[in-house]
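*Asks:* One structure, pasted below without further comment.
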Amino acid sequence: MRVEGQRRALAIIASSQLLALSLWFSASAVADSLQDAWALTDGQVPLLTLAVQIGFVVGALASSLLNLADRVRARHLFAISAVAGALVNGALVLLGPGDLPIVILVRFLTGVALAGVYPSGMKAIAGWFREGRGTALGILIGALTVGSALPHLVRGLGLDWQLVLLSASGLALASAGMMLVAGDGPFETAVSAFSWSHVRSIVGNQGFRLATLGYLGHMWELYAAWTWVAFYVTAAGFSDSASVITFAVIAIGGVGSWLAGRIADRRGRTLAAGGSMVISGAAAAATVLVFGAPAWLLVGVLLIWGLTVVSDSAQFSAIVTEVVDDEVRGTALTLQTAVGFMLTLVTISIVPLIADATSWRWAFLVLVPGPIVGTIAMVRLKQSSWSAHIAGGRG
């Protein structure tokens, strides 16, 4: 009965995460249409994504400091946040030229709402799984990945920008209802009282620090790749199929997350995470070589990059749930994601500057140091005493 309950909960929670995360890139997927409709300059277009990242960081930091993820049931926090995100995202269809400050505010508030969705989804899954947690979280991150790519697919179907945005909001509303029926798992932590000491104890944990350093290396690469890959594909001469290729490159990460989770539970989380970063870093470097190459070669490299660029993400979260005390599990997950998304603000901003100064051929080379640093962190974690605390293979 427990296995059946776990499978049901995993299906519901992962589906909810998939639907809710369609909000993230809903505006970015139709950026070219919004640029025309709202008279945006080339320099203003990146704000559509950066505002979400900033909102997420602010929301996640506030949640961490207030211990919200441990003071409110994960399912309830998820549902409330998904509804809020759906409503503010839908408001974009009411805006037009001259409303850029309101547009940025709306995207910022969408990010704040998503800070209550992403970490609480991970906490809910951790409450259902102890054994097989790496695979379960891998499936969840896979769902998140496909959800992030979904607006590109909707756009590829030829829908106008208003319908793309409203579709994302509708999916998020559906996710809130689904999450409420998922139920709490047998390993769900009890609601804890507020304490300023929780964050201090988390930061003082070496296992958390090494896992988060690996996560930072991963995040240095991930969201810049997701944000700008469509522009890279277009510049490489495939503008007609850029939306479909971008969807495939992002969505294939869902498969990668599942595979890495399986490897992590059998061979070790540090091996799965470190191996993913070695491959993704090599693929990022290879984008220089395949720019202007035949479609099969360019798309092939991008698919390998998409497969591995997010596959390690769930394992950093799984490690955190295993090295911190149960009563601060939600706060630790939220804090890790907060600092990771703070770092994405840097690379999302840098990549187009490099493209403008040189060309899109060279733009992604700046992302390569991230997975290098992340891999070193995983080697250090494997060699530390904290390795014994990590389930899944041999750490």
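The values are calculated or read from the model by the stated rules, or taken from the named source; none is laboratory data. Values in this document were obtained by computation on a predicted structure and should not be read as measured data. Please note: Cβ atoms are built from the backbone with ideal geometry, for glycine as well, and neighbour counts cover all protein chains shown.
*Asks:* Please find, among A136, A74, A60, the residue that is over 29 Å from E4 (Cα atoms) and among the aliphatic types (A, V, I, L, M).
*Replies:* Values: A136 fails: over 29 Å from E4 (Cα atoms); A74 fails: over 29 Å from E4 (Cα atoms).
The match here is A60.
*Asks:* Among the numbered criteria (1) within 30 Å of F316 (Cα to Cα); (2) surrounded by fewer than 21 Cβ atoms within 10 Å (Cβ to Cβ), which single criterion is violated by G96?
*Replies:* Answer for G96: the failing condition is (1).
*Asks:* Further, regarding this structure: In segment 229-256, which residues are aromatic (F, W, Y) and crowded, with 24+ Cβ neighbours inside 10 Å? Outline the logic, then answer.
*Replies:* So in segment 229-256, the residues aromatic (F, W, Y) come out as 231-232, 238, 247.
Once the filter is applied, which keeps residues that are aromatic (F, W, Y) and crowded, with 24+ Cβ neighbours inside 10 Å, segment 229-256 yields only Y232.
*Asks:* Still on this structure, please answer the following. What number of residues within segment 350-395 are assigned to a helix (DSSP H, G or I) and either hydrophobic (A, V, I, L, M, F, W, C) or over 27 Å from V290 (Cα atoms) (or both)? Explain how you work it out, then say what you get.
*Replies:* Within segment 350-395, the first condition is being assigned to a helix (DSSP H, G or I), and the residues that meet it are 350-357, 363-367, 369-383, 385-389.
Those left that are additionally either hydrophobic (A, V, I, L, M, F, W, C) or over 27 Å from V290 (Cα atoms) (or both): 350-351, 353-355, 357, 363-367, 372-373, 376-383, 385-389.
So the count comes out to 26.
*Asks:* Surrounded by fewer than 24 Cβ atoms within 10 Å (Cβ to Cβ), at pLDDT 90 or above, of a type in the set (S, T, Y) and part of a helix (DSSP H, G or I), is that true of T347? Before you say what the answer is, go through the steps one by one.
*Replies:* On the way: surrounded by fewer than 24 Cβ atoms within 10 Å (Cβ to Cβ): yes; at pLDDT 90 or above: yes; of a type in the set (S, T, Y): yes; part of a helix (DSSP H, G or I): yes.
Criteria met by T347.
*Asks:* Looking at A273, A283, A293, which is the one that is more than 30 Å from V58 (Cβ to Cβ), of a type in the set (G, A, S) and within 21 Å of the chain's Cα centre (by Cα)?
*Replies:* On the way: A273 fails: more than 30 Å from V58 (Cβ to Cβ); A293 fails: within 21 Å of the chain's Cα centre (by Cα).
Of A273, A283, A293, the one residue that is more than 30 Å from V58 (Cβ to Cβ), of a type in the set (G, A, S) and within 21 Å of the chain's Cα centre (by Cα) is A283.
*Asks:* Continuing with this model, one more query. Tell me, which helices (runs of 4 or more DSSP H) wholly within segment 128-226 include 1 or more residues that are under 30 Å from D240 (Cα atoms) and either of a type in the set (S, T, N, Q) or in contact with a Gly (Cβ under 6 Å, 6 or more places away or on another chain) (or both)? Give the steps one after another, and end with the answer.
*Replies:* Values: elements: 133-156, 161-180, 197-203.
Helices (runs of 4 or more DSSP H) meeting the threshold: 133-156, 161-180.
*Asks:* Please specify each residue of segment 122-172 satisfying the condition of being at pLDDT below 80 and of a type in the set (G, A, S).
*Replies:* Once the filter is applied, which keeps residues that are at pLDDT below 80 and of a type in the set (G, A, S), segment 122-172 yields G147, S148, A149, G156, G158.
*Asks:* Of (1) over 19 Å from A230 (Cβ atoms); (2) touching a Leu at 6+ places or on another chain (Cβ under 7 Å); (3) not acidic (D, E), V288 satisfies all except one. Which?
*Replies:* Condition not satisfied by V288: (1).
*Asks:* Identify, please: which residue in segment 276-315 is part of a helix (DSSP H, G or I) and among the aromatic types (F, W, Y) and is, among those, farthest from A143 (Cα to Cα)? Give the derivation first.
*Replies:* We begin by selecting, within segment 276-315, every residue part of a helix (DSSP H, G or I); these are 276-290, 295-309, 313-315.
Narrowing further to those that are among the aromatic types (F, W, Y): 296, 305.
Numbers: W296: 26, W305: 18 Å.
The residue in question is W296.
*Asks:* Quick check, is A91 modelled with pLDDT under 90 and of a type in the set (A, V, I, L, M)?
*Replies:* Working: modelled with pLDDT under 90: no; of a type in the set (A, V, I, L, M): yes.
Criteria not met by A91.
*Asks:* Related question: Tell me yes or no: at least one residue of segment 59-66 is at pLDDT 90 or above and either part of a helix (DSSP H, G or I) or farther than 19 Å from I202 by Cα (or both).
*Replies:* Of segment 59-66, the ones at pLDDT 90 or above are 59.
So of that shortlist, the ones also either part of a helix (DSSP H, G or I) or farther than 19 Å from I202 by Cα (or both) come out as 59.
Scanning segment 59-66 turns up at least one residue that is at pLDDT 90 or above and either part of a helix (DSSP H, G or I) or farther than 19 Å from I202 by Cα (or both).
*Asks:* For residues in segment 40-63 being closer than 30 Å to T331 by Cβ and hydroxyl-bearing (S, T, Y), which is farthest from the chain's Cα centre (by Cα)?
*Replies:* S63
*Asks:* Looking only at segment 68-79, decide whether some residue is within 30 Å of A242 (Cα to Cα), part of a helix (DSSP H, G or I) and not acidic (D, E).
*Replies:* At the first step, the residues of segment 68-79 found to be within 30 Å of A242 (Cα to Cα) are none.
Checked segment 68-79: no residue is within 30 Å of A242 (Cα to Cα), part of a helix (DSSP H, G or I) and not acidic (D, E).
*Asks:* Now for a different question. Take segment 356-371 and flag every residue that is farther than 20 Å from L216 by Cα and not acidic (D, E). Reasoning before the result, please.
*Replies:* Step one: of segment 356-371, the residues farther than 20 Å from L216 by Cα are 356-362.
Answer for segment 356-371, where residues must be farther than 20 Å from L216 by Cα and not acidic (D, E): A357, T358, S359, W360, R361, W362.
*Asks:* Just for segment 3-39: of the residues that are surrounded by 19 or more Cβ atoms within 10 Å (Cβ to Cβ) and part of a loop (DSSP other than H, G, I, E, B), which one is nearest to the chain's Cα centre (by Cα)?
*Replies:* Per the stated criteria, the residue is W24.
*Asks:* Quick one: in segment 182-194, of everything that is more than 14 Å from A124 (Cβ to Cβ) and exposed (fewer than 15 other Cβ atoms within 10 Å of the Cβ), which residue is modelled with the highest pLDDT? Please lay out each step first, then the result.
*Replies:* So in segment 182-194, the residues more than 14 Å from A124 (Cβ to Cβ) come out as 190, 192-194.
Remaining after also requiring exposed (fewer than 15 other Cβ atoms within 10 Å of the Cβ): 190, 193-194.
On the way: A190: 67, A193: 58, F194: 51.
The qualifying residue modelled with the highest pLDDT is A190.
*Asks:* Let me ask another. Just the residues that are part of a helix (DSSP H, G or I) and of a type outside the set (A, V, I, L, M, F, W, C), please, taken from segment 257-275.
*Replies:* Here is the first cut: in segment 257-275, the ones part of a helix (DSSP H, G or I) are 257-267, 269-275.
Within segment 257-275, S257, G261, R262, D265, R266, R267, R269, T270, G274, G275 meet the criteria.
*Asks:* Would you point out which residue out of P97, P101 is at negative phi and touching a helix residue (DSSP H, G or I) at 6+ places or on another chain (Cβ under 8 Å)? First the steps, then the outcome.
*Replies:* Numbers: P101 fails: touching a helix residue (DSSP H, G or I) at 6+ places or on another chain (Cβ under 8 Å).
Selected residue: P97, the only one of P97, P101 that is at negative phi and touching a helix residue (DSSP H, G or I) at 6+ places or on another chain (Cβ under 8 Å).
*Asks:* Restricting attention to segment 14-53, which residues are touching a Gly at 6+ places or on another chain (Cβ under 6 Å) and of a type in the set (V, I, T)?
*Replies:* Passing the criteria: only V52.
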